[in-house]
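Data first, discussion second: the structure below is written as structure tokens.
The values are calculated or read from the model by the stated rules, or taken from the named source; none is laboratory data. Just so it is clear, the model here is predicted, and its values are computed rather than measured. Neighbour counts are summed over all protein chains in view; Cβ atoms, including those assigned to glycine, are modelled from backbone coordinates with ideal geometry.
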Amino acid sequence: MEPLELFANTQLEIITQADREQAIRERYAFLRRIGLWPRQMQPEQWLENFIGADELEVAYDLLKNFMYYPKDMLRELQRCAIRKIMPYVLDFTGSAAEAKTTWASVARRMIIVPVQDDVTPSSADSGYNYARLARETFDLLPRQVPKDFMDLLLSWLQLPEDGLANVVVFVDDFVGSGSQFIKTWHQIHPLQPELEMSCHTIAPYNKTKFFYCPLIATSYGLDRIRKACGTSLTLCPAHILGPEANALHPRSRIWSNDEIRQKGIAVLKQIATRVPMPNTGGRRATDWQGFHQLGLNLVLDDSMPDACLGVFRFDKHRWHPLYNKAV
């Protein structure tokens, strides 16, 4: 048999949009079956929001690249983020045993501070959850996780006095715009009738080293924090999302190709008008483009950041969010 005869009766396989959609449905069904997607992720109900072939094509393309971070992964990301402070507090020119001993000393003088919600701070904020997680992970004492600014000052006073620099580590799960941390850093705390302090005012005037160790951060938010908080603070995120993680960016990698990207942005605008969804130019957390127009596509355990696209999280006018925390 001649080589060409092997393909004489073979038809070239044409991948249709229906094939792509079926593959995506099988993918998220598999992720849910093996436990990587929780029951709160509801793609079937979410897809019912979309009307017509164009909207569904965009919806499936967004769903294909949606990112979900389970709790175990976030725990490891936090471990990674906090360990990123090592180059700033350890001398790696010595032996491994010396570095290990020094790191144990750093852990004894480490203070973990949660980043508070910038609207209604409470002990249920994600920052507090990750402060508790850091205490468990690094076997810290209760006094190393202060409840408020006054408690933070008292914790400083109780740290070992051996001439070494103390370490304050701010923790949270996600940095979008950076607004929450900027407010935490500049928050004025009245200590006495005529004495007020903030982290920003005391940081330059003592030996303490300040670090912010979020799990995931946008480069946009990190840039805003650097400008607003100065050089007394060192940023150590475990993972950085660049502008290409934004579905609205010209170089976005969320979409399958540039054609669907251009079509997708137009369709998202149409959906925002049809539903309708708030259109504030990113000034409000409910904006269809996400807060500060960050256009993201992720869930961190049980939380979808307000930097995500509105089509993922909007829950009014009979629109079903992709992640339903109430389930």
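Results, tabulated for the structure shown:
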read-out	value
Among (1) under 30 Å from Gly295 (Cβ atoms); (2) free of Cβ contacts under 8 Å to residues at least 40 places away in the same chain; (3) surrounded by fewer than 16 Cβ atoms within 10 Å (Cβ to Cβ) - the single one Tyr128 does not satisfy	(3)
Residue in the range 288-308 that is free of Cβ contacts under 8 Å to residues at least 60 places away in the same chain and over 27 Å from Leu77 (Cβ atoms) present	yes
In the range 78-91, residue farthest from Val171 (Cα to Cα) [restricted to those that are out of contact with any strand residue (DSSP E or B) (no Cβ under 8 Å at 6 or more places or on another chain) and surrounded by fewer than 14 Cβ atoms within 10 Å (Cβ to Cβ)]	Asp91
Criterion (surrounded by fewer than 19 Cβ atoms within 10 Å (Cβ to Cβ) and in contact (Cβ under 8 Å) with a residue 40 or more places away in the chain) met by exactly one of Thr201, Thr184, Thr208	Thr208
Yes/no for Gly230 being over 18 Å from the mean Cα position of the chain (by Cα) and either under 30 Å from His249 (Cβ atoms) or surrounded by fewer than 15 Cβ atoms within 10 Å (Cβ to Cβ) (or both)	yes
Strands (runs of 3 or more DSSP E) within the range 188-284 that include 3 or more residues more than 19 Å from Asn297 (Cα to Cα) and at pLDDT below 95	189-192, 195-197
Of residues in the range 92-116 being among the charged types (D, E, K, R) and touching a residue at least 12 places away in the same chain (Cβ under 8 Å), the one surrounded by the fewest Cβ atoms within 10 Å (Cβ to Cβ)	Arg108
Failed item, numbered, when Asp315 is tested on (1) more than 30 Å from Asn206 (Cα to Cα); (2) in contact (Cβ under 8 Å) with a residue 60 or more places away in the chain; (3) surrounded by fewer than 22 Cβ atoms within 10 Å (Cβ to Cβ)	(2)
Leading residue by the ranking (modelled with the lowest pLDDT) among those in the range 38-67 that are part of a loop (DSSP other than H, G, I, E, B) and closer than 28 Å to Glu259 by Cβ	Asn65
Scope the range 174-187; condition in contact with a helix residue (DSSP H, G or I) (Cβ under 7 Å, 6 or more places away or on another chain) and modelled with pLDDT under 95; matching residues	Trp185, His186
When residues of the range 93-148 are limited to those that are hydroxyl-bearing (Ser, Thr, Tyr) and part of a helix (DSSP H, G or I), the one modelled with the lowest pLDDT	Ser126
The range 255-284: number of residues that are touching a Pro at 6+ places or on another chain (Cβ under 9 Å) and buried (at least 17 other Cβ atoms within 10 Å of the Cβ)	2
